[in-house]
Amino acid sequence: MTGTLPFAITLDPGTSRLNHTGTWRTERPVYLSRMPPCNHACPAGENIQNWLFHAESGDYAAAWAALIAENPLPAVMGRVCYHPCEGACNRGQLDEAVSIHAVERFLGDHALREGLVPRVEVPPSGRRVLVVGAGPSGLSAASHLTRMGHAVTIREAGPLPGGMMRFGIPKYRLPRDILDAEIARILRLGVTLELNTKVTDIDAAFAEGFDAIFTAVGAHLAKRTAIPAHAAGRILDAVTLLAQVELGEAPQLGRRVIVYGGGNTAMDAARTAKRLGAEEAMIVYRRSRDQMPAHAFEVQEAEDEGVLIHWLRTITDIDASTFTVEKMEIDAEGRPQPTGTFETLEADSLVLALGQDVDTGFLARVPGVQIAKDGVIAVDAQMMTGRAGLFAGGDMVPAERTVTVAVGHGKKAARHIDAWLRGTTHVKPPRPALAGFETLNTWYYDDAPQTRQEHLALLRRQTGFEEVTHGLTEDTALYEARRCLSCGNCFECDNCFGVCPDNAVIKLGPGAGFAIDYDYCKGCGICATECPCGAIQMLPETT
Amino acid sequence: MLKQIEGSQGMAEAIALCRPQVVCAYPITPQTHIVEGIGAMVKSGALKGCEFINVESEFAAMSVAIGASAAGARAYTATASQGLLFMAEAVYNAAGLGLPIVMTVGNRAIGAPINIWNDHSDAMALKDAGWIQLYAETNQEAADLHILAFRIAEELSCPVMVCVDGFILTHAFERIDVPSQEQVDRFLPPFAPVQMLDVANPYSIGAMVGPEAFTEVRYLGHQKQIDALDVIPALAAEFEAVFGRPAGGLVRPYRIEGAETVVVALGSVNGTIKDVVDAERAAGARVGSVTIAAFRPFPLQALGAALAGVRRVICLEKSLAPGLGGMLASNVRMALQGSGTPVHTVIAGLGGRPITRDGLTRMLQAAATGGLEDVTFLDLNRPVVEAQLAAARRQRHSGPIAENLLKAVNHGPGPRRVPDRAAPGQTAPQEAKP
Amino acid sequence: MFEIRLHGRGGQGVVTAAELLSVAAFDEGRHAQAFPSFGSERMGAPVASYCRISDREIRLREPILAPDALIIQDATLLHALDVFAGLKPDGFVLINSARSLADLGLADFAAARPVHHVHSLAATEIALRHIGRPLPNAALLGAFAALTGAVGLGPVLKAIRARFAGPVGEANAAASLEAHDTLTREATC
Amino acid sequence: MTEETTGSTPGPASPAAATQRVRFYQTGTHTLGNRLMDAESRTVQASTDRANAITSGHRACQGCGEALGARYALDAAMRAAGGKVVAVNATGCLEVFTTPYPETSWQIPWLHSVFGNAPAVASGVAAGLRMRGQKDVRVVAQGGDGSTTDIGFGCLSGMFERNDDVLYICYDNEAYMNTGVQRSSATPPAARTATTPALGAAPGNVFGTGKNLPRIAMAHEIPYVATASVADLHDLEAKVTRAMAICGARYIHVHVPCPLGWGSASHDTIRLARLAVESGLFPLFEAEHGEVTAVKKIRRKVPVEDYLRPQRRFAHLFRPGHEDTQRLAAIQAMADANIRRYGLTEEAPL
């Protein structure tokens, strides 16, 4: 070409970058992280989205590492947790919730298969902590405290560690090799476990040189109820039944068994009775099906296995093998009221599954320790009792009684104990706003129904203690992980980068996310609207 | 090589020798033979490296040429009359973008009334579109001007319109010396655009320019035309050196030495004028003529010099600025500013009306006796228009003028819709009651 | 300057005839200018074309108003328009017709002009014999050369052969030659 | 998901292998990119290597759909042509907001002539490039609905019938936005524009008018015709890429919402485009040589009301207490007709 370019009508490429259109903006997009509902709902405080993130790319080791940062018993929890996370999962409003527990179990099993171990990254603190009780709460606390550098000793009154995980949950739900392996891994961190060692004197323990004590002895005392029994057959409680089965001392229950109660333990007891050879395993419960505290899937599994459930019945009289039950009806307040109508059931034994109480005897004399209502131990926000350095958690403090809550208590207590030992206070970081369903743009998520976990054949379920629910394969676990919507947190989908009409989003590279180029951003808000996971919000420009 | 060929064919051959790369064509009389000729050469393979595109309108023709030129290709098209007006927007655009397109205009009247014959209304309508306008006097010049036009256009990055009288030149079989390829190549180097669409240099062509720079853009466009006043004669001289005959230039005086009356005109009518000048000179009249070869840029200086000292100037114009008179005259007056020389407009040859030696001779004689008005219509059928005007004065609505005029021309003066049997003063049946 | 006006009907090649005349004159080293009547007429309509021949450059662009010669390709045009308009008193007229001038009602017209300046010729019949189609142009041009001497027969034949290649050109040339000879015979008897 | 693998595979899974085997359901293929999608499944827009044919600093309104659509299309074309693309632009918003002197937003060779001639100019550019031996440089012409369906229609039809080697892209925002929202022949029924005001007994644009340019393009039997939307970038880019692989005349009609003209929120641009598709009012399809060859199924069908209600240009249909049910039904019938005609749902196969 020759000569100079024509004036004004011909322009050099890209010169509009001199024009900073950011001045047009009245609102600015800002990246943020919201609290995913699964995390929000998790009693153990698991950052589920975080470990799913790693699992999505097939990096199961990283996923597992992220997982055990909050929960040292993933293989257990993936089996026994009632997964409130899934009830909160936003995907449930789209198609079906992500099967978080199944992925968790897969990761837990994967780690056991691969022999993955957690790392202890801090130097020894020189402090000693006594954990009383080797249940989920105690094991969780011991694991976390050890990884924080403290020397931990667990004293367990019973012959085996695991607490309710071993003595309350039947092995068809939690195979013992899994439980044993996860406990063993905690112990290999350097935790000292003393079995058959009942702690009765807290002060003495402090005197031994423990800088802090965490008690988590659970609730093992079965509640009783007064039923007129003229010639009672076998009556036993569910906790005892399950513990005896675990110890290989299964009692003779006879051909017909009634389990009284409507919780998960009642289901476990009835299903165990079935497996012990009972031809008829019945549940009698005074309220309706909807009101049962047991989880629907547990009820369903029990029914699948042939357990017969009598709702709206109370046992009013027992005469040998004849049980008189009164029909109940639900009043306006939702309470069961007797109707005066009676029936009889025939059974050889009765298993009471009416809940448990805490054995608080060993704490009664400790100065400062207060017993709360319902016979549980009062703790403050740091999970410390009235006695300085004495912490408590699990079923023995006021809370829902689940393995998950217990594991969460262990973690929470560990953090507070650690802070206390260091002379500080652990302050929980403020929770960001919840990533509700309305913050998502779900159009970008593909339709993907939940993976169904396979179940053991029914006949084998009714006749043995083999694990009922199968785990996921690697493919199905990956599929399931990838169903996560990443609610409230950028997963680098590039939407904002692509949809900006003003090319005002800067892509910082893998893992680094994005930044807004405020020189050019006009504040249209498309990035925020088209962000699938609600990780951008529009804020008014300050004047 | 001397040939006896149709003017359009001569132009087609000359254009082909310029190695155009994109030629687009849309048929409109009387330019069709030119593009047909080029099309045949492309189709036969005689003209290589050229794409001939049959487009759907003149607007598209100029637009395709714009695109091709912006892509760095030598582009050509031709049109006439309505076609030129139909592409008007793109004509301005090509100039605004500084694209050196060459276009032939086979000059023809503009309707209504529709008329396919020659005059200059079309080119005059777009005289200020920013194009250089060259007018051919002969078919030899028509051919030669195209070679010059490409050179001028590319030298200045400015489109050039070669105006050729429709039918009179385009359809006349005449002797034309068609140059050799070697000669043309010597005169016209390959196209080297100042700007083009280039993936290696991706600038934007055709920006929106606001008040802050529009005047400057226009000034530069004007300056380009002013520069052309030097470029055109220089290249005409170079042309003569290469081809051995003159062509183009700004103005061509003819026998103006001592002339009292000089006729100024554009295009082929200058041939007839020269014959008349010769005859009048032979009869002792002091007349001469000036051919304006480049109407845009308007050669004020050259024309002023040629007309210095003459007693009167007659602009023989093949177009009409209704309400004013002559567009050529209003331009010529600028060349004579301060001289006091009267400049007459004689409108002639509209819509193909023959301009005859008789008519021109009468015009010159009238001028010599001071009997020429400022604006005159040569060979006007005065009874017809007088009758129409009279009828119009009588009746508020006298019907379509064109239709009535045609009737008057064919059947004698006066609208025929007043039947003979109607008694004087009786209302014609067509007229509505008030 | 010799000016010729040709009358015909759209489609008969009246424009081609004028062009061929100009080519023939050009071939003789003379200047020539052929142009049509610039009409928008369609097939069958009366049309005209013109040819000027001169030894000097032709600058004149007005229509031919006072022709030196007329070629009338179709005798039916005699009744359609004033084909003789402007014809110079000593002008030539060549009419394509198998009928005599007397039969055409032109006996008096011819008699008023120099001898042998007005002729009719059965050009269509000659064309049919040679070309097989009723295209009288070539024949008329051959006869025109004989009639007026404005162009020579040789250049006419050359122009015809240049325009129509191969057998068609030869057939036209043969027609032209026969017409030329016919007219020469008639004009000399 | 795959079903052939059962049980566990020893050893940690290879992330790369994992991405190949299992689709990324977190995003499906609907987001623009993501670390776990195959590189070829990501959009051009997800890449920092995209051409940014239009760069920052242009003067389009906030949330301009046309700015977005044009960058989407041209960047895809640039990738398909290895960076050798020349663009021709009709007069209109896109032209005005990208090239006001002294700045241009274009980073590719770009030419603007006048309003109605972009297709012809592009034909000329293509011919010029061919004659200059630059056969690998591809030409894209573009304009709004006004320049495409109205004033440039003749030139476009000419370009089509000559099968000129040009990809013409129409950014349809359904009115003359540059001049202040006047009706075009792409303005939908009932829409309020400055020249179809929401007044009188039948406010807004008249029913039974307008022209369907994609089908007109198909009637020319050109090699490729497609409709696309800024709401579905994967689809849009695939269509541009497909078009760029074909020689001859190609036409893509892209639906681009206009916050100004439609009276919609600037952040709703893509959402509205999506609702237009999901309601059936803007069917996405491809056609080759005059025959429809593929349609994009509606994923989540919505009533037309969902699309119309957020737009002030249709507000007169939703006057409280005076909802224009009759004309709403007529618009729904148009959507339903599209669904039947193109088989946009599983129940309505093509």
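The table for this structure:
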{"read-out": "Ratio Rg/Rh, restricted to chain B and using Cα atoms, in which Rh is the Kirkwood radius", "value": "1.02"}
{"read-out": "Neighbour cut-off at most 15 other Cβ (10 Å), DSSP loop, GluC sites (Glu not before Pro), the range A:235-300", "value": "A:Glu249, A:Glu279"}
{"read-out": "Where only C-alpha atoms are counted, convex hull volume of chain A per residue in Å³", "value": "214 Å³"}
{"read-out": "Contact order relative to length of chain B, as percent, for alpha carbon pairs under 8 angstrom and 6 or more apart", "value": "14 percent"}
{"read-out": "Net dipole in debye of chain C [+1 Lys, Arg Cβ; -1 Asp, Glu Cβ; about Cα centre; nearest 20]", "value": "320 debye"}
{"read-out": "No Cys partner within the rule (Cβ under 4.7 Å), chain A", "value": "A:Cys42, A:Cys81, A:Cys89, A:Cys484, A:Cys487, A:Cys490, A:Cys493, A:Cys500, A:Cys521, A:Cys524, A:Cys531, A:Cys533"}
{"read-out": "Residue exposure sequence - A:Met383, D:Met177 - by fewest surrounding Cβ within 10 Å", "value": "A:Met383, D:Met177"}
{"read-out": "The range C:1-94, relative contact order in percent, only Cα pairs under 8 angstrom and at least six apart counted", "value": "36 percent"}
{"read-out": "Nearest 10 degrees, 0 to 90: helix B:357-368 Cα axis against chain B principal axis", "value": "70 degrees"}
{"read-out": "Expected 222 nm ellipticity per residue - DSSP helices of 4 or more, -39500 (n - 2.57), all of chain A, to 500", "value": "-8500 deg cm²/dmol"}
{"read-out": "Per-residue Cβ neighbour rank within 10 angstrom, fewest leading, C:His130, D:His58, A:His83", "value": "C:His130, A:His83, D:His58"}
{"read-out": "DSSP beta bridges in the range D:146-264 [antiparallel fraction, %, rounded to 5]", "value": "15 percent"}
{"read-out": "Listed residue (C:Asn96, C:His117, C:Ala159) projecting farthest to the positive dipole end of the range C:2-188, Cβ model", "value": "C:Ala159"}
{"read-out": "Relative pair counts by distance (%), Cα atoms of the range B:42-111, 5 Å bins", "value": "4, 17, 27, 24, 16, 8, 4, 0"}
{"read-out": "Residue-averaged [θ]222 nm for chain D, counting only DSSP H segments that reach four residues, each worth -39500 (n - 2.57)", "value": "-9000 deg cm²/dmol"}
{"read-out": "Rg to Rh quotient for the protein assembly as shown, alpha carbon positions, Kirkwood Rh", "value": "1.22"}
{"read-out": "The protein assembly as shown, dipole about Cα centre (Lys/Arg Cβ +1, Asp/Glu Cβ -1), debye to the nearest 20", "value": "2060 debye"}
{"read-out": "Leading residue at positive end of dipole, the protein assembly as shown (Cβ point charges), from D:Ala186, C:Ala25, A:Gly92", "value": "C:Ala25"}
{"read-out": "Shape call, the range C:2-188: gyration tensor on alpha carbons, a/c limit 1.5", "value": "rounded"}
{"read-out": "Cα gyration tensor category, rounded, prolate or oblate, for the range A:222-356 with a/c compared to 1.5", "value": "oblate"}
{"read-out": "Helical contribution to [θ] at 222 nm, DSSP H n ≥ 4, -39,500 (n - 2.57), averaged over chain B, rounded to 500", "value": "-13000 deg cm²/dmol"}
{"read-out": "Computed over the range D:271-350, Cα set: Rg, Dmax in Å", "value": "13.9, 49"}
{"read-out": "Cα-Cα pairs of the range B:245-356 separated by more than 17 Å (percent)", "value": "51 percent"}
{"read-out": "Residues of type lysines that D:Lys239 reaches as a straight line, Cα spacing below 27 Å, ignoring anything fewer than 8 places off in the same chain", "value": "A:Lys507, D:Lys84, D:Lys135, D:Lys211, D:Lys296, D:Lys297, D:Lys301"}
{"read-out": "Relative contact order [Cα under 8 Å, 6+ residues apart], the range A:95-184, whole percent", "value": "26 percent"}
{"read-out": "Exposure proxy ranking, count of Cβ atoms within 10 Å, fewest first, for B:Tyr92, B:Tyr76", "value": "B:Tyr92, B:Tyr76"}
{"read-out": "Eligible lysines near A:Lys412 by straight Cα distance, threshold 16 Å, same-chain separation 8 or greater", "value": "A:Lys428"}
{"read-out": "Alpha carbon centroid spacing (whole Å) that separates the range B:284-303 from the range A:191-270", "value": "124 Å"}
{"read-out": "q = 0.08, 0.14, 0.15 Å⁻¹: log10 I(q)/I(0) that the Debye formula gives for chain D, counting C-alpha atoms only", "value": "-0.40, -1.15, -1.30"}
{"read-out": "Between helix A:176-188 and chain A: long-axis angle, C-alpha atoms, 0 to 90°, nearest 10", "value": "60 degrees"}
{"read-out": "Residue range of chain D that is longest and free of GluC sites (Glu not before Pro) which are both DSSP loop and sparsely packed (at most 12 other C-beta within 10 Å)", "value": "D:5-345"}
{"read-out": "Within the protein assembly as shown, percent of DSSP bridges classed antiparallel, to nearest 5", "value": "35 percent"}
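Every number in this text was worked out from the coordinates using simple rules, so none of it is lab data. As the structure is a prediction and not an experimental result, all values here were calculated from the model. Using ideal geometry, Cβ is built from the backbone for each residue, glycine included, and neighbour counts are taken over all protein chains shown.
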